[in-house]
1. From the residues in the range 312-341 that are part of a loop (DSSP other than H, G, I, E, B) and within 19 Å of N240 (Cβ to Cβ), which one is nearest to the chain's Cα centre (by Cα)?
2. Identify all residues within the range 335-374 that are touching an Asp or Glu at 6+ places or on another chain (Cβ under 6 Å), at pLDDT 95 or above and buried (at least 18 other Cβ atoms within 10 Å of the Cβ); write none if there are none.
3. What pairs come up if the first residue lies in the range 145-160 and is assigned to a loop (DSSP other than H, G, I, E, B), the second is within 16 Å of ligand 2 (Cβ to nearest atom) and among the hydroxyl-bearing types (S, T, Y), and their beta carbons are under 8 Å apart, counting only those six or more places apart or on different chains?
4. Tell me, which residue of the range 511-545 that is within 16 Å of ligand 1 (Cβ to nearest atom) and polar (S, T, N, Q) is nearest to H268 (Cα to Cα)?
5. Which pairs turn up if I take residues in the range 499-518 that are at positive phi and look for partners that are among the basic types (K, R) and part of a strand (DSSP E or B) with beta carbon separation below 8 Å, at least 6 apart in sequence or on another chain?
6. How many residues does the range 364-396 contain that are under 22 Å from T111 (Cα atoms) and touching a residue at least 12 places away in the same chain (Cβ under 8 Å)?
7. List pairs: first residue in the range 433-448 and more than 20 Å from D234 (Cβ to Cβ), second residue polar (S, T, N, Q) and away from ligand 2 (no atom under 11 Å from the Cβ) anywhere in the structure, Cβ distance under 6 angstrom, at least six positions apart or on different chains.
8. Out of all the residues in the range 67-95, which are assigned to a loop (DSSP other than H, G, I, E, B), in contact (Cβ under 8 Å) with a residue 40 or more places away in the chain and charged (D, E, K, R)?
Amino acid sequence: MSNNFIKVENPVLIVEGKQADNERLKAESDYLRGTIVEDLQDRMTGGFTSDNFQLIRTHGMYQQDDRDIRGERQKQKLEPLHNVMLRARLPGGVITPTQWLGIDKFADDYTSYGSIRLTTRQTFQFHGVLKPDIKLMHQTLNSIGLDSIATAGDVNRNVLCTSNPVESELHQEAYQWAVKISEHLLPKTRAYAEIWLDEEKVETTEDEVVEPILGSNYLPRKFKTTVVIPPNNDIDLHANDLNFVAISDNGKLIGFNVLVGGGLAMTHGDKATYPRCADDFGFIALEHTLAVAEAVVTTQRDWGNRVNRKNAKTKYTLDRVGVDTFKAEVEHRAGIEFGDSRSYKFTHRGDSFGWVSGIDGKHHLTLFIENGRILDYPSKSLKTGMAKIAATHQGDFRLTANQNIIIAGVAEADKAAIEQLAREHGLLNDTTSNQRKSSMACVAFPTCPLAMAEAERYLPKLVDDVETILTKNNLADESIILRVTGCPNGCGRAMLAEIGLVGKGPGKYNMYLGSDLAGSRVPKLYKENVDEAGVLTEIDALTARWSTERINAEAFGDFVVRAGIVDQVNISVRDFHDD
Ligand code: SRM
Ligand code: SF4
């Protein structure tokens, strides 16, 4: 099935120029090995040197330091307190109780923050692992059947799947496809096993193709894939390069509509960068799924911009070569023709909290975890509570793409005990408002090196204030999809929010308005460089108008567009910037 040797028929589609340094780095890395092994033994520094700083990302780690203490260490002429953040690979977000207990213990024993951080892509991160403990971390993960391969770097990342797959047969099938796609697109190099698990190096012959899909230089940029089941766009498909929208007949999965070219990141002030919704290429039967996934990846591999990383993602390739050209190439490579798109409708996003029952008579409890940070706080021992649940739970856990967790597959007889544990430890709280449940933030300070403003640490108080404003404006039962990201990379998906705050500088945010409940359009810039007090003043004025001027149950994002407060950004998003 591999297309590694497909000739690029139209070289004009390749961007000419001096290749980005990351291309050299990948080419020289000996398939992602670099000199990581040697670097690990160097205890003169807590960090990784030269290319290894980037290469460890393809093994699921980022070098970081605590930005709260960076200045103080500088004054003392100390190097930053280097450590790594690890991001696990967890297709569809499924993790067993035994695995949970394993990561819970590792977080206690070897991470400086002591937390398990659920992410916006259905997995978890450890923050603050010191160099001497990194190998042990990978071996611990391996011993419980987990790894962190390809969760970062220029590869296909963790594959998402609509949560709660045990709710119906359709969910189970979709989840299986997420796992298959993840496995199919994984790097085939044995670098991870050799470096972290001490497996022996198997020499390859010169004519052996090590990476038949990703190629020896891997992809031009990160690549993101989802499997999503309408009507719930809980994984926010428009943030992703490649999406398989499940099409069913009588509850049975028959194929997918394939949507290509979504992505949310931009750079402040650079109009050549923008968020973009994915284009619908059409319908494929189930048996073509892996071939189409591979064809989209290899087309992007061959045509993606390797000169300018800011324009390297699939969304820019589509706009540069044209959607029809890209689609035709995918058809050619996969040996299929896309059928007419089947009809489907997304009506909402987010998670449904509380209990639901499944087809097999089992029950599933979705817990709201503010910012996805599982930690023991003075007022609520979330981490202890999760560990206690894991110690008795017979089913599994499902991490959602909204930083929450589902305790899945609970027998009727065990429901009460699980619920009691969740309540005792603050994991379940009937007073959590709808507004809080509809709000999300990225990590930002202190660990993210790219953060320009606070996000995770700002959100709880922001939501308190927004709740007060909504009550004052007679909207106590309403909620707005509110998201904060500490910079325009968009990890908290503010660029698919009804109100999106994008960090500009300390305490300053650009304010975007106007996505919809289904997440089918990106919001538009409303005000620039607003401080925290200004954010509240704006939200007060806007929601006061929403309260009195809205038609029927019009959602906030639809209201601001209809009332002309912001222009609608159309699906193609080429009108995101005004000129
Ligand atoms: Fe992200 C980089 C955290 C989802 C777009 N992201 C980062 C880094 C690793 C910073 C860095 O490069 O050094 C952040 C680490 C912070 C920390 O201390 O943990 C980071 N991203 C996250 C997470 C943990 C946010 C969260 O609060 O949950 C999410 C982890 C997902 C996962 O498990 O794989 C996360 N990142 C996203 C999303 C949302 C999504 O995929 O649904 C996006 C926007 C969608 C998209 O890709 O367009 C996103 N992250 C980025 C970008 C911009 C990429 C680009 O196209 O330019 C960067 C920076 C980069 O790659 O250069 C980035
Ligand atoms: Fe860091 Fe920016 Fe991503 Fe937030 S959006 S986690 S600040 S890179």
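The values are calculated or read from the model by the stated rules, or taken from the named source; none is laboratory data. None of the values given here were measured: they were computed from a predicted structure. All Cβ positions, glycine included, derive from the backbone under ideal geometry; neighbour counts span all protein chains shown.
1. K313
2. T366, N371
3. Cβ pairs passing all conditions: T151/T123; A152/Y62; R157/T151; N158/T123; N158/T151.
4. Restricting attention to the range 511-545, the residues satisfying the condition of being within 16 Å of ligand 1 (Cβ to nearest atom) are 512, 515, 518-523.
Retained after the next criterion (residues that are polar (S, T, N, Q)): 515, 520.
Details: S515: 19, S520: 23 Å.
Checking each candidate, the answer is S515.
5. As it stands, the answer is G514/K524, since those pairs meet every condition given.
6. 22
7. Correct list of pairs: empty, since none qualify.
8. If the condition is that a residue be assigned to a loop (DSSP other than H, G, I, E, B), in contact (Cβ under 8 Å) with a residue 40 or more places away in the chain and charged (D, E, K, R), then R67, D68 are the ones that fit.
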